Every structure is written in C-alpha cells, then in structure tokens.
Amino acid sequence: MIGIALFTLIIALLGAGAGYLLYQLLTNFQPGSNKINQDLERMRSEIDPWVGELVPWTQQEMELLSHHRVNQELKKGIAPTAKGVLTSIYNEPMMAYSYKRYVSPNRNALLLVRTSNHEWVYRIRDKKVEVMIDRQVVGDIREDGRFYHRKSNQLLAQIQRGEDELILPVLVGEREVGSLSVPEAPSKIYDRAFQLLAPMTEEEEALFLSLSAYELIQKELPLRKKK
C-alpha cells in the first residue's frame, strides 16, 4: 500500500510540474498587449526599491556611469528573466533594469530601464525594437541599428559602427554628442561607459540614452540571436 501511495504522489507531482510548464509555455508564447502590460507593471514593481536608491541623474553624473553591475539576478527557464543595477565609477547605483524573454525561436522580449528621472521600455522583436520614453511610444530601433521616429520616419539617433567596436560614436540627428565604450566583460569593470563631447538638451539626452542604454544593457541579456 505504501508503494502504491508513493507512486501516486510521484505521478501527481510530475503532473503538476508538467501543468506548470505547459502554463508557462502558453502564457509566454506570442503574448498580447494585456500580457505585455501586466509583465511591465510587475517589472516596475520589482525594481522600484532600487529606483528609490538611484543617485539623482544629471549630465555631470551621466559621465560617471560605468559598466559595473550589482544586484544581478538571472532566472533561466522557458521565459528567462534578468534584472540588475549599473553603477557609477564610484559604485553608486545609477541605472536599474528588468528584462523578460518570451517563448519564440527568434527575438521576442521586453526590457525596462530606469534612471532617477526617466524610464525607457524596449519591446524587442526580430525586425525592430519599439522604444517608449516615459510611457510614450517614440520610435523604433531598426535592423540597421538606427533609431527612427515612429510617425515621421525621421532619423533620431544612431550609433556609428566601424572597425573599432570598443569605442562607438553616438549621433543625435546629425550631431555627434558622445561615444560609448564597449569592453569585453562589462559587468566586471568600473570603466566609464560614456564620453560626452557636447552639452545636450533634455530631449537630446533622452535620445542618446535610448540607444546607449540599450546597447550597454543588452550585452549580458539572454537574447536570442537574429537569424
């Protein structure tokens, strides 16, 4: 009798596990707008304690942002998630992020990035990355890596890539406003992430960070590669 009871318990546990996996698969495959919004609110709540500890963001502070990460969490599985905080060169928390990948053979994910005063949301798909700034859809980062306005199709910003992939010039409109450094092991060093070349308006800074923050953070995320 004990053997039958134990066998029944094992089968029930396996069934529950299979049911959970099936639920995860179904709810994270081709998510609709309601699912995306629910996940986004959950991600906001998860990193909200970190956001409250971020240093006040200014252009002077922005030049101190490093590649070093703290509070990193990576959960594997059917729908991997990740979160963490980028610090300054003095180990001060400056930028928090949360990420979730959905079930797909290609790129299908959601990334949330916060500073003390602004929020970026990236809806990552194979052909483009939709960018929201402070909860407003602004444009798309397309396959060529350039950031275009959603309605006017105007080129807003771009990262110039060449033979030197460790220093990447960043242009807002047609003006080079700074550069981004891309070391091989970003989570382990305190090197500066940005070198600013000219003062920026608040709008220009938001566009600069739209590309630069995504470039910095996605390096260590479990993204599926483009085919």
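The values are calculated or read from the model by the stated rules, or taken from the named source; none is laboratory data. The structure presented is a predicted model; accordingly, all values stated were derived computationally and were not measured. Cβ: placed from backbone, ideal geometry, glycine included. Neighbour counts: every protein chain shown.
Per-structure values
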quantity: Criterion: touching a Gly at 6+ places or on another chain (Cβ under 9 Å) and in contact (Cβ under 8 Å) with a residue 24 or more places away in the chain - qualifying residue of R101, R44, R114, R69; calculated: R69
quantity: Which numbered condition R123 fails, given (1) at pLDDT 95 or above; (2) surrounded by fewer than 17 Cβ atoms within 10 Å (Cβ to Cβ); (3) under 15 Å from the mean Cα position of the chain (by Cα); calculated: (2)
quantity: Lone qualifier among A82, A96, A109 - being at pLDDT 85 or above, under 20 Å from E215 (Cβ atoms), of a type in the set (G, A, S) and in contact with a helix residue (DSSP H, G or I) (Cβ under 6 Å, 6 or more places away or on another chain); calculated: A96
quantity: Residue match in the range 175-183 (condition: touching a residue at least 60 places away in the same chain (Cβ under 8 Å) and under 17 Å from R114 (Cα atoms)); calculated: no
quantity: Count of residues meeting criterion [at pLDDT 95 or above and either in contact with an Asp or Glu (Cβ under 8 Å, 6 or more places away or on another chain) or of a type in the set (A, V, I, L, M) (or both)] in the range 147-162; calculated: 5
quantity: Residues within the range 26-37 that are assigned to a helix (DSSP H, G or I) and loosely packed, with under 13 Cβ neighbours inside 10 Å, tallied; calculated: 4
quantity: Within the range 98-117, tally of residues that are farther than 14 Å from E53 by Cβ and touching a strand residue (DSSP E or B) at 6+ places or on another chain (Cβ under 7 Å); calculated: 13
